[in-house]
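Chemist: Can you read through this structure? Questions will come right after.
The values are calculated or read from the model by the stated rules, or taken from the named source; none is laboratory data. Remember, it's a predicted structure, so these values are computed and weren't measured experimentally. Here the Cβ is made from the backbone with ideal geometry for all residues, glycine too, and neighbour counts use every protein chain on show. For the accessible areas, the whole protein counts, side chains as well, though only heavy atoms, and no ligand, DNA or RNA atoms are used. Shrake-Rupley method; radii C 1.70, N 1.55, O 1.52, S 1.80 Å.
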Amino acid sequence: MTARSRAIRSTRLGDLAGMMLAGAILVSATLTGCAAQPAAGAGTQPDAPAAEATGTPAEELRLGYFANVTHAPALVGLEEGLIQDALGDTTLSTQVFNAGPAAIEALSAGAIDATYIGPNPAINTYIASAGQSARIVAGAASGGAALVVQPGIDGADDLDGANLATPQLGNTQDVALRTWLADEGYETSTTGGGDVTISPTENSQTLTLFQAGDLDGAWLPEPWVSRLVVDAGAEVLVDEADLWEDGEFPTTVLLVRADFLAAHPETVRALVAGHAASVTWLDENPDAAADVINARLTADAGKGLSDAVIDRALEHVDFTVDPHADTFEQLLQDGVDAGTSKAGDIDGLFDLSALNAVLEQAGEEPVSAAGLGTE
């Protein structure tokens with residue numbers, strides 16, 4: 001893509017966020033006093049795709065995300081004000097999580113309305129609720145996950161009896177590690193036994209334990225892969241991109257509570273527009289991305305990343321609104337085989353109608369739900 005076409009694309013998406021907000025206000029004003037609006041509540045489902053339904057704009061949207069480079073669309077969208085600009089008069093509040101299962105707990109409890117999250121926890125909540133809990137409305141990031149190990153571990157054969165960490169039991173990297181180990185002939189257990197011990201551990205604690213020699217390795221998202229490589233001398237044993245066709249697999253998606261979508265489709269459309277503008281900003285501003293991401297990380301965690309860490313991390317992540325829906329059946333099967341997911345039907349998991357409306361108006365190609373929902 002040329003610099004000129006990128007600038008045009010960025011301007012279109014930025015303008016579109018404002019257009020969608022104005023449209024939401026107009027629809028709301030037109031409907032006031034004319035018809036009863038859908039109310040939020042457990043099990044409430046959208047009667048129409050997000051791009052078509054009407055409802056009441058929310059007074060507040062509570063958004064979850066992680067302080068990870070793989071969540072850069074959230075970090076940039078917040079730091080640059082792109083998401084709030086798209087939401088207009090809707091107040092944006094945020095909550096930071098360490099891993100997906102914790103974010104799903106908050107979403108299920110109604111403590112947040114939407115969250116950036118890995119695909120496996122999104123799959124799990126959808127199946128556990130028989131399709132009632134949430135919808136994926138966009139992709140956010142692909143790549144940026146790897147197994148890093150202590151020097152001297154040169155291959156899978158060296159991992160017998162090893163102690164490896166993941167961010168949380170059942171999160172996307174946890175499933176990826178268990179799947180890869182099974183392919184290499186190792187047995188693991190969700191309770192900590194097996195040929196290789198998997199110890200779900202908070203990411204910053206993983207770094208400390210690895211530096212102390214108490215962990216042999218970890219399957220992590222960025223920037224924690226790069227933190228262990230740069231700050232702790234770890235070596236990459238498996239780059240997850242090497243395990244997927246064309247190196248494309250979802251690391252982060254944008255998930256919205258189904259009852260919030262049913263009650264406030266205009267707000268969800270605005271959120272998606274702001275999110276798309278954030279992804280475009282990352283594409284258009286590679287030289288500024290590190291500083292903006294670090295500013296948000298500093299605000300959230302009290303400290304940013306070194307230049308060496310964030311530069312390396314950004315090299316390994318692609319930011320995209322495409323959720324790579326065609327991988328989700330395999331991700332589900334991997335979770336079932338790993339013992340962290342229940343078998344079930346994920347038809348209907350995606351509602352990409354708002355996203356594709358944004359892309360169409362920006363002159364971009366639509367993305368596919370791979371037969372697993374609305375496009």
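Chemist: What pairs come out if I take residues in region 266-288 that are within 16 Å of Asp311 (Cα to Cα) and pair them with residues that are among the aliphatic types (A, V, I, L, M) and surrounded by fewer than 24 Cβ atoms within 10 Å (Cβ to Cβ) whose C-beta lies under 6 Å away, six or more apart or interchain?
Modeler: Once the first residue is within 16 Å of Asp311 (Cα to Cα) and sits in region 266-288, its partners that are among the aliphatic types (A, V, I, L, M) and surrounded by fewer than 24 Cβ atoms within 10 Å (Cβ to Cβ) give Leu282/Ala289.
Chemist: Filter region 244-289 down to the residues that are farther than 21 Å from Gly64 by Cβ, of a type in the set (A, V, I, L, M) and under 19 Å from the mean Cα position of the chain (by Cα) and list them by number. Explain how you work it out, then say what you get.
Modeler: Going through region 244-289, the residues farther than 21 Å from Gly64 by Cβ turn out to be 244-249, 280, 283-289.
Checking which are of a type in the set (A, V, I, L, M) leaves us with 288-289.
Ala289, the sole residue that qualifies.
Chemist: Mind counting the residues in region 311-359 that are free of Cβ contacts under 8 Å to residues at least 24 places away in the same chain and either open to solvent by less than 50 Å² (accessible area, probe 1.4 Å) or under 21 Å from Gly77 (Cα atoms) (or both)?
Modeler: Total meeting the criteria: 3.
Chemist: With part of a strand (DSSP E or B) and modelled with pLDDT of 95 or more as the only criterion, which of Leu147, Leu207 stands out?
Modeler: Numbers: Leu207 fails: part of a strand (DSSP E or B).
The unique qualifying residue is Leu147.
Chemist: Further question on the same structure: With respect to Ala36, determine if the residue is more than 30 Å from Ile310 (Cβ to Cβ) and either open to solvent by 70 Å² or more (accessible area, probe 1.4 Å) or at pLDDT below 95 (or both).
Modeler: Numbers: more than 30 Å from Ile310 (Cβ to Cβ): yes; either open to solvent by 70 Å² or more (accessible area, probe 1.4 Å) or at pLDDT below 95 (or both): yes.
Yes: the conditions hold for Ala36.
Chemist: Being on the phi > 0 side of the Ramachandran plot and either acidic (Asp, Glu) or assigned to a strand (DSSP E or B) (or both), is that true of even one residue in region 168-190?
Modeler: Checked against the condition, which is being on the phi > 0 side of the Ramachandran plot and either acidic (Asp, Glu) or assigned to a strand (DSSP E or B) (or both), region 168-190 yields no hits at all.
Chemist: Would you pick out the residues in region 195-212 that are under 21 Å from Pro151 (Cβ atoms) and of a type in the set (Gly, Ala, Ser)?
Modeler: Ser199, Ala212
Chemist: How many of the residues making up region 118-137 are open to solvent by less than 20 Å² (accessible area, probe 1.4 Å) and at positive phi?
Modeler: Of the residues in that region, 1 qualify.
Chemist: Would region 160-167 turn up any residue that is farther than 17 Å from Ser199 by Cβ, open to solvent by less than 30 Å² (accessible area, probe 1.4 Å) and not polar (S, T, N, Q)?
Modeler: Residues of region 160-167 farther than 17 Å from Ser199 by Cβ: none.
The answer is no; no qualifying residue exists.
Chemist: Here's another thing I want to ask about it. Suppose we filter region 79-101 for residues that are under 21 Å from Ser142 (Cβ atoms) and of a type in the set (A, V, I, L, M, F, W, C); how many remain?
Modeler: Number satisfying all stated conditions: 4.
Chemist: Name the residue that is farthest from Leu255 (Cα to Cα), counting only residues in region 360-370 that are in contact (Cβ under 8 Å) with a residue 40 or more places away in the chain and either surrounded by fewer than 20 Cβ atoms within 10 Å (Cβ to Cβ) or among the basic types (Lys, Arg) (or both).
Modeler: As a first pass, look at region 360-370 and keep what is in contact (Cβ under 8 Å) with a residue 40 or more places away in the chain: 361-364, 367-370.
The next check asks that each one be either surrounded by fewer than 20 Cβ atoms within 10 Å (Cβ to Cβ) or among the basic types (Lys, Arg) (or both); those that pass are 361, 363-364, 368, 370.
Details: Gln361: 22, Gly363: 24, Glu364: 22, Ser368: 16, Ala370: 17 Å.
Within region 360-370, the match that is farthest from Leu255 (Cα to Cα) is Gly363.
Chemist: Within region 103-110, is even one residue touching a residue at least 60 places away in the same chain (Cβ under 8 Å), closer than 21 Å to Pro200 by Cα, outside any strand (DSSP E or B) and under 12 Å from the mean Cα position of the chain (by Cα)?
Modeler: no
Chemist: For region 109-117, check the following and say yes or no: at least one residue is closer than 17 Å to Leu372 by Cβ and either buried (at least 24 other Cβ atoms within 10 Å of the Cβ) or modelled with pLDDT of 95 or more (or both).
Modeler: Here is the first cut: in region 109-117, the ones closer than 17 Å to Leu372 by Cβ are 117.
Among the residues that remain, those that are also either buried (at least 24 other Cβ atoms within 10 Å of the Cβ) or modelled with pLDDT of 95 or more (or both) are: 117.
The answer is yes; a qualifying residue exists.
Chemist: Go through the residues of region 75-82 one by one and say whether even a single one is touching a Pro at 6+ places or on another chain (Cβ under 7 Å) and touching a residue at least 40 places away in the same chain (Cβ under 8 Å).
Modeler: No, every residue in region 75-82 fails to be touching a Pro at 6+ places or on another chain (Cβ under 7 Å) and touching a residue at least 40 places away in the same chain (Cβ under 8 Å).
Chemist: Could you check region 227-243 and list, in sequence order, the residues that are open to solvent by 50 Å² or more (accessible area, probe 1.4 Å) and closer than 18 Å to Leu177 by Cα? So that I can check it myself, show each step before the final result.
Modeler: Of the residues in region 227-243, the ones open to solvent by 50 Å² or more (accessible area, probe 1.4 Å) are 227, 230-231, 235-236, 242-243.
Scanning region 227-243 gives Glu235, Val236, Asp242, Leu243.
Chemist: OK, next. Taking the stated definitions as given, is Ser199 part of a helix (DSSP H, G or I), more than 17 Å from Asp334 (Cβ to Cβ) and out of contact with any Lys or Arg (no Cβ under 6 Å at 6 or more places or on another chain)? Step through it out loud before you land on a result.
Modeler: Details: part of a helix (DSSP H, G or I): no; more than 17 Å from Asp334 (Cβ to Cβ): yes; out of contact with any Lys or Arg (no Cβ under 6 Å at 6 or more places or on another chain): yes.
So Ser199 fails the test.
Chemist: Looking at region 87-102, which of its residues are at pLDDT 95 or above and either over 24 Å from Thr298 (Cβ atoms) or in a strand (DSSP E or B) (or both)? First the steps, then the outcome.
Modeler: Step one: of region 87-102, the residues at pLDDT 95 or above are 87-96.
The answer is Gly88, Asp89, Thr90, Thr91, Leu92, Ser93, Thr94, Gln95, Val96.
Chemist: Please state which of the following conditions Thr188 fails to meet, knowing it meets all the rest: (1) out of contact with any Lys or Arg (no Cβ under 7 Å at 6 or more places or on another chain); (2) open to solvent by 40 Å² or more (accessible area, probe 1.4 Å).
Modeler: All conditions pass for Thr188, except number (1).
Chemist: Take the residues in region 199-226 that are hydrophobic (A, V, I, L, M, F, W, C) and more than 21 Å from Ala241 (Cα to Cα), then tell me which one is surrounded by the fewest Cβ atoms within 10 Å (Cβ to Cβ).
Modeler: Start the filter on region 199-226 by keeping residues that are hydrophobic (A, V, I, L, M, F, W, C), which leaves 207, 209-210, 212, 215, 218-220, 224-225.
Restricting the remaining residues to those that are more than 21 Å from Ala241 (Cα to Cα) gives 207, 209-210, 212, 215.
Details: Leu207: 21, Leu209: 17, Phe210: 26, Ala212: 9, Leu215: 26.
Only one residue fits best here, namely Ala212.
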